[in-house]
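Here the structure comes first, spelled out in structure tokens, and everything after it is commentary.
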Amino acid sequence: VLEFHTVLVTLAQPPASIEEARTRVVGYVRGTSFKDEVEHAGFPYVEETDDDVTNARKLKRGRIGAWITTDLMARGVYRQAGFDPAELKYGPDLGPVKISYVAASHDFPKEIAGRIAAGINQMRADGSYQEIVKRYR
């Protein structure tokens, strides 16, 4: 259904590379796949939180220098925290592109699955899918 990227979000000039980002304290949500990306990138200064709103607040207050989240979540979460998403700057992607699927049990009606797939395909064809995703990026 959806492709998204794990990104480094900052308020100041974003790092040009992962190497440059290693000099900053980075925040991410514990218990997520971000931990694997943090470890793979070798970030030495890491703060875990229980939710992304906390990371947005920590970024705004200068308690972290970069926030690891997805390109589709950053703007909405930052707005939910009470801040202007236009302030956000995006650094390099971390890890591979991720894909979100619609899943159901083996007994899910094939006719309904077909209608869902057709609806998504129609939205892609008429451009409404791209318009929705653009609002989040």
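All of the numbers you see were taken from the coordinates with simple rules; none came from a lab. Every value quoted in this text rests on a predicted model; they were computed, and no experiment measured them. Positions of Cβ are generated from backbone atoms using ideal geometry, with glycine treated the same way; all protein chains shown enter the neighbour counts.
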Worksheet item: Where the centre of each part is set by its Cα atoms, how far does the range 7-25 sit from the range 37-111, in angstrom?
Response: 14 Å
Worksheet item: Can you list the trypsin sites (Lys or Arg not before Pro) in the range 28-122 that are in a DSSP coil and have 10 or fewer other beta carbons within 10 angstrom?
Response: 61
Worksheet entry | Positive dipole terminus of the range 8-137, leading residue within 13, 121, 94 (C-beta point charges) | 13
Practice prompt. Note the listed values (1) 16.3; (2) 15.0; (3) 15.9, then indicate which one is Kirkwood radius over Cα pairs in Å calculated from this particular structure.
Written response: (1)
Fill in: Set of lysines near residue 35 by C-alpha distance (under 17 Å), chain-local residues within fewer than 8 positions excluded
98
Practice prompt. Show which aspartates and glutamates lie in cross-link reach of residue 60 when reach means a straight Cα distance below 13 angstrom and same-chain residues fewer than eight apart are skipped.
Written response: 52, 84, 87
Discussion item. Which residue, 32, 112, 59, has the largest displacement toward the positive end of the dipole of the range 6-137 when charges sit on each Cβ (Lys, Arg +1; Asp, Glu -1)?
Written reply: 59
